[in-house]
Amino acid sequence: MPSILVLGATGFVGAAVIRALNSTHPDWPITAHVRPQSKHVKYLLENVARIAEIGDWTEFEAIKNLSSEHDIVINAGNSFTADPVTAAVAGLRQRGVKNGRKGALIHISGGGNFIDFGTTGAFNPESKVWDDSKVDDIKAIHKDMFNGQSDTVVLEAGATGDIDTFIVCPSVVYGRASVESPGIGVGWQLITSNAKSLGYVPYLGDGSAVLSTTHIQDLVSFLVTITGRAASELDTGSAYERFYMLETERVSWKALATTVAAILHREDPATFRSPEPKRVLEFGDEAGRGEVKHLVAANMLLTGPRAKSVGFNPTGKSILEHASEDLKGWGQL
Ligand SMILES: NC(=O)c1ccc[n+]([C@@H]2O[C@H](COP(=O)([O-])OP(=O)(O)OC[C@H]3O[C@@H](n4cnc5c(N)ncnc54)[C@H](OP(=O)(O)O)[C@@H]3O)[C@@H](O)[C@H]2O)c1
Ligand SMILES: *[C@@H]1O[C@H](CO)[C@@H](O)[C@H](O)[C@H]1NC(C)=O
Ligand SMILES: *[C@@H]1O[C@H](CO)[C@@H](O)[C@H](O)[C@H]1NC(C)=O
């Protein structure tokens, strides 16, 4: 019976994974790392996990120690920086030395790594489609990608062979109503806060550029599968053969912006005067602030034959159908 630690346990993904693991493996002990100031969902975790309330991710020693007490650590907290994954790696290494049995890390990355940096908002049939079954694609992941700071730490740790590592990489995750999450997750957060700061929902050019999306239930079932594989030490390949790209559906930015504009107008008509999206003609701040303008302008192209080969089988309904429920009460979130 493996013991499991979840970082980011009160989050959109973390809380859903904990509940799914407990329902599939009710006898597996799960620890939920929660920072003291978290206002979210302790009620969702009651009875399904032991709560470890320690400091936030700046507490390297505390997270390292907590990780060293578990067989498997799932990082559902942060993929934009190297913490907390560096602390988890250090803790699992220490456990391996003590127990003679390797610890395993399951890290959640994100499809933002794999945008083509197009600047026209149009679909580009020439763009590279990143493929999880191509080891060279995984080796090409670098620190300047959206989730590169954390992914490279995990891949390097896995390559040493001291710990077993797995990286599960969903694209934009949606479907909060289906998992009763109070939070909308970082994907929706990015899209809607960008729109809020602009006062409209943008698409660029003809809006045919595509965004990859992943239903939370599809992600969560796959995480349960991978946790099972980590527990039974089924995978013997290298760290570069344990990177899984997940996608439920690709949507065009125009279709997404059109759907979201009507919903945000319904939720917050004072900010969103129009129920229509705004067509932006030039790449720049009118499409988004900072990094987000790249998402709006580019294509996110990934494919996951390796994930499918170990059981990823997406069945979630479209983000376009979920958006209305996902963003209900958005002004109060
Ligand atoms: N949602 C998506 O579209 C998506 C797509 C691809 C990848 N991902 C990745 O999946 C992971 C989970 O995303 P999510 O959407 O579930 O995020 P989320 O709902 O924002 O959850 C983040 C979790 O991390 C905790 N946390 C945040 N800052 C912390 C800090 N400084 N110290 C300790 N804990 C902290 C939060 O706790 P509090 O309750 O205390 O705030 C919460 O439990 C992230 O790594 C994300 O990049 C998400
Ligand atoms: C899993 O959840 C059930 C309730 O559904 C609970 O009785 C059980 O103790 C939980 N398992 C663990 C390990 O906490
Ligand atoms: C971490 O564990 C070490 C060794 O058991 C201990 O000395 C140290 O005080 C712990 N630190 C924290 C912050 O828990």
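Since every read-out is calculated from the coordinates, none of them should be taken as a lab result. Nothing here was measured: the structure is a model prediction, and the numbers come from that model. Please note: Cβ atoms are built from the backbone with ideal geometry, for glycine as well, and neighbour counts cover all protein chains shown.
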Yeah, region 249-333 with a ≥ b ≥ c from its alpha-carbon gyration tensor (a/c under 1.5 is rounded, else prolate when a/b outruns b/c, oblate otherwise) is oblate
LYS134-THR81 pseudo-label distance in nm [points 7 Å out on the Cα-to-Cβ vector] | 3.3
Residue (of GLY304, THR152, GLY329) at the positive-pole extreme of the chain, dipole from beta-carbon charges = GLY329
Extension gain from ARG50 to GLU282, taking 0.36 nm per residue of separation minus the Cα-Cα distance = 78.5 nm
Can you tell me the Rg and Dmax of region 178-333, counting just the alpha carbons, in angstroms?
-> 17.5, 56
Span-like helices, the chain: DSSP H, alpha-carbon axial extent 15 Å or more, mean Kyte-Doolittle 1.0 or greater, which ones?
-> 12-24, 216-231
Work out, step by step, the length gained on full extension between THR24 and ARG266: first 0.36 nm times the residue separation, then minus their alpha carbon distance; give nm to one decimal.
-> 83.3 nm
Provide the gained length on full extension for the span GLU69 to VAL310, in nm with one decimal, where the gain is 0.36 nm per separating residue minus the Cα-Cα distance.
-> 84.0 nm
Lys, Arg +1 and Asp, Glu -1 on Cβ, resulting dipole of the chain about Cα centre, debye, nearest 20 = 380
Once the Cβ-Cβ distance between ASP144 and ASN99 is put in as r, and R0 is 51 Å, what FRET efficiency do you end up with, to the nearest 0.05?
-> 0.90
Label point distance in nm, GLU180-LYS317, each placed 7 Å from Cα along Cα→Cβ = 2.0
Along Cα→Cβ, 7 Å out, is where each label goes; now give me the distance between the ones at GLU126 and GLU241 in nm to one decimal.
-> 3.5
Return, for the Cα atoms of region 24-181, the radius of gyration and Dmax in Å, separated by a comma.
-> 17.5, 54
Quotient of C-alpha Rg and 2.2 N^0.38 Å, computed over the chain | 0.98
With the charge dipole of the chain built from beta-carbon charges (+1 for Lys and Arg, -1 for Asp and Glu) about the Cα centre, the Cα from PRO26, SER171, THR258 projecting farthest to the positive end belongs to PRO26
For region 64-124, give the magnitude of the charge dipole about the Cα centre (Cβ charges: +1 Lys/Arg, -1 Asp/Glu; no others), in debye to the nearest 20.
-> 420
Given the peptides 108-116, 298-306, 8-16, arrange them by the average over their residues of other C-beta atoms within 10 Å, most packed first.
-> 8-16, 108-116, 298-306
